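Quick notes on the structure that follows.
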Amino acid sequence: MTITRIEIYQCPIRLHEPFVISLGPMTHAENVLVVITTDTGMKGFGECSPFLTINGEAMDSAAMMGRYLGRALKGKDPLDIADCEAAMDRVVYGNYSIKSAFDIALYDIASQHAGVPLYAFLGGDGSKVMYTDYTVGLGSPEKMAVDAGLILERGFRFVKVKLGESPDDDLARIHAIRERIGMDTPLCIDANQGWGVEEAIACLRSLDPYNIHYCEEPIPRWLYTELPRVRTASPIPLMADESLSDHHDAKRLIDLEACQLFNLKLGKSGGIFKALKIIELAERAGIGMQVGGFLESRLAFTASAHLATISKHIRHFDFDSPLMIEEDPVGGGITYGENGLVSLPDTPGLGAWVHEEFLRELVRVVVE
């Protein structure tokens, strides 16, 4: 089997409402879709959601880089994923977001060829029970409290809260949320690198009485050598996010004893191939994991959900982004049930694709 054609689509989709984090507001999911076709006619679908302030990629720049990656993969065997991944890494350093879209498409083809769902191809169990959280964006304490209440009214069991401004303001936000929803619902918080080291320590200590399960990326990622000090001083477990891209980052964080938890995102790791290496390292070190993402549609989140089945150390699921976008162009894929229950397709491959009529309206580049 050989790769004969690669299509790269720019795919902006409006969000239901602006989503605000400490790194700035977002009004659209500005994604890139990749479709790889083989000489047998088999197609693999992949997607990424480039994020300028996290992975340094944008929708248009990622699509442009996709041309270079596509040229490197054309004529290759899509079943030799290691060779395809090495070819992409030879083309360009980093650019993990667009690489992840190609990676997902390759795994889609490989698992289709094997005749099994992607989770089974990866060694996972399709019976794993996964409930997604739902995220409260950054805003005033009053609005965030109302939003948290609405999330519970919709039946979600877990609430994630964006923070990362001043400790006083963030404490007021959590206090207002707890006043609205009570103390029993699990809360996790995500500062998106918004605090300084001393601010983080002070804020995490102040938040201890509010039943916070963990905090994602409290300080700027380039201060990762300070994470062990924050971890030691914090009563709340730390989860590495922006400071964790590939398996090299994972080893560094483990060696530093920097955190108790990892947040895996295919758009940071470059896809499933390197995410599997992170999982192996985390399992050996006893690190718990969450699988999340950026603003991808159900296509890429279906790949993430398949991956999340393969390890008992993956206990947290941040799959809410597809629920925030106005238009769903995906056929098949994960479905959302009561209380945020996430169910996987049981068909061979990824089990998700993008409808042709939607693709026809998008800006496209073809490598053939």
Helix 96-114 axis, angle to the chain major axis (alpha carbon atoms, nearest 10°) | 60 degrees
Net lengthening on full extension, residue 232/residue 347 (0.36 nm per residue, minus Cα-Cα) | 36.9 nm
Output ³J(HN,Hα) for the stretch 6-20: one whole-Hz value per residue in order, computed from phi by the Karplus curve 6.51 cos²θ - 1.76 cosθ + 1.60 with θ = phi - 60°, and x for Gly and Pro.
-> 9, 10, 10, 10, 7, 9, x, 9, 5, 7, 4, 8, x, 10, 10
Label point 7 Å out from residue 42 along Cα-to-Cβ: which residues of the stretch 306-340 have amide N under 19 Å?
-> 306-307, 333
Summing +1 for each Lys or Arg and -1 for each Asp or Glu, what net charge is found among the other residues whose Cβ lies under 11 Å from the Cβ of residue 48?
-> -2
Using only helices, what value at 222 nm comes out for the chain when you add -39,500 (n - 2.57) per DSSP H run of length 4 or more and divide by the total residues, to the nearest 500 deg cm²/dmol?
-> -11500 deg cm²/dmol
Among the Cα-Cα pairs of the stretch 223-342, the proportion with separation greater than 23 Å, in percent, is 32 percent
Using Cα atoms only, what is the angle between the long axis of helix 197-207 and the major principal axis of the chain, expressed in degrees (0 to 90) to the nearest 10?
-> 70 degrees
Which of the peptides 91-100, 34-43 is most tightly packed, and how do the rest follow, going by the mean number of other Cβ atoms within 10 Å of each residue?
-> 91-100, 34-43
Which whole-number percent is the relative contact order of the stretch 120-350 (Cα, under 8 Å, 6+ apart)?
-> 20 percent
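Please give the FRET efficiency for residue 364 paired with residue 284, using the beta carbon to beta carbon distance and R0 = 51 Å, rounded to the nearest 0.05.
0.75
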Give, in nm to one decimal, the length gained when the segment between residue 208 and residue 326 is fully stretched (0.36 nm per residue of separation minus the Cα-Cα distance).
-> 38.9 nm
Among GluC sites (Glu not before Pro) in the stretch 275-349, those in a DSSP loop whose Cβ has at most 13 other Cβ atoms within 10 Å are 326, 327
Derived scalar couplings ³J(HN,Hα) [the stretch 55-65; Karplus, 6.51 cos²θ - 1.76 cosθ + 1.60; whole Hz; x for Gly, Pro] | 10, x, 10, 10, 4, 6, 5, 5, 5, 5, 5
What ranking do 20-27, 109-116 get when scored by the average of other Cβ atoms within 10 Å per residue, highest first?
-> 109-116, 20-27
At residue 339 and residue 312, where each label point lies 7 Å from the Cα along Cα→Cβ, what is the point-to-point distance in nanometres?
-> 2.1 nm
In degrees, nearest 10, range 0 to 90: what is the angle between the Cα axis of helix 141-153 and the longest Cα principal axis of the chain?
-> 60 degrees
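Could you order the peptides 162-171, 270-279, 306-315 from most to least packed, using the average number of other C-beta atoms within 10 Å per residue?
270-279, 306-315, 162-171
Each value in this text was obtained by applying a stated rule to the coordinates, not by laboratory testing. Remember, predicted model here, so these are calculated numbers, not experimental data. Reconstructed Cβ throughout: ideal geometry from the backbone, glycine too, with neighbour counts over all protein chains shown.
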